[in-house]
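One structure below.
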């Protein structure tokens, strides 16, 4: 009896542990009606091209992950000349660095929602950022919203200027649907 019982028990433990460690963190599809705004005294505007992958489950924050990017050429300030100037080497250098990228390293619960810590890469320079995020569930998916500040000189974007503030406020609203 012992010869049969222990191998069967070991097999059952192995099979059930495989199910316990397999976690299916919810994947989300970014909807087209997102909003990525940058706000300052001048300039202000939006980025019109935003994509990436979002894996988020409030019950499984350890396996949650944000890997998103913005196409620098999609900048829209409401001024065509300013949009073109944003692409030159001094500013975003869109020819050499066509994307702004954020990849999370940690997602934690906060009093107001979540803190998503990760690496923000702009113009070839990476900096760790903690981004406060609120996730609001809806019947067909949900929405990630929040705001944070970016100091453009940290990323060598532009030069010191009285006309353009160094600190830019970023506001985002990212509606998502379950995949």
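Residues of segment 98-119 being surrounded by 14 or more Cβ atoms within 10 Å (Cβ to Cβ) and touching a helix residue (DSSP H, G or I) at 6+ places or on another chain (Cβ under 8 Å), which ones?
Residues satisfying the conditions are 98, 99, 100, 107, 114.
If a residue must be exposed (fewer than 15 other Cβ atoms within 10 Å of the Cβ) and assigned to a helix (DSSP H, G or I), how many such residues does segment 81-97 contain?
Within segment 81-97, residues that are exposed (fewer than 15 other Cβ atoms within 10 Å of the Cβ) and assigned to a helix (DSSP H, G or I) number 2.
Which residue, of 169, 106, is more than 23 Å from residue 31 (Cα to Cα), assigned to a strand (DSSP E or B) and modelled with pLDDT of 95 or more?
Step by step, each of 169, 106 is checked, and only 106 is more than 23 Å from residue 31 (Cα to Cα), assigned to a strand (DSSP E or B) and modelled with pLDDT of 95 or more.
State whether the residues of segment 62-80 include one that is assigned to a helix (DSSP H, G or I), over 20 Å from the mean Cα position of the chain (by Cα) and without any contact (Cβ under 8 Å) to a residue 24 or more places away in the chain.
Checking segment 62-80: at least one residue is assigned to a helix (DSSP H, G or I), over 20 Å from the mean Cα position of the chain (by Cα) and without any contact (Cβ under 8 Å) to a residue 24 or more places away in the chain.
Just to be sure I understand, how many residues within segment 35-61 are farther than 14 Å from residue 108 by Cα and part of a strand (DSSP E or B)?
Of the residues in that region, 13 qualify.
The values are calculated or read from the model by the stated rules, or taken from the named source; none is laboratory data. What you are looking at is a predicted structure, and each value in this text was computed from that prediction instead of being measured. Don't worry about glycine lacking a Cβ; one is built from the backbone with ideal geometry, like all the others, and counts go over all protein chains shown.
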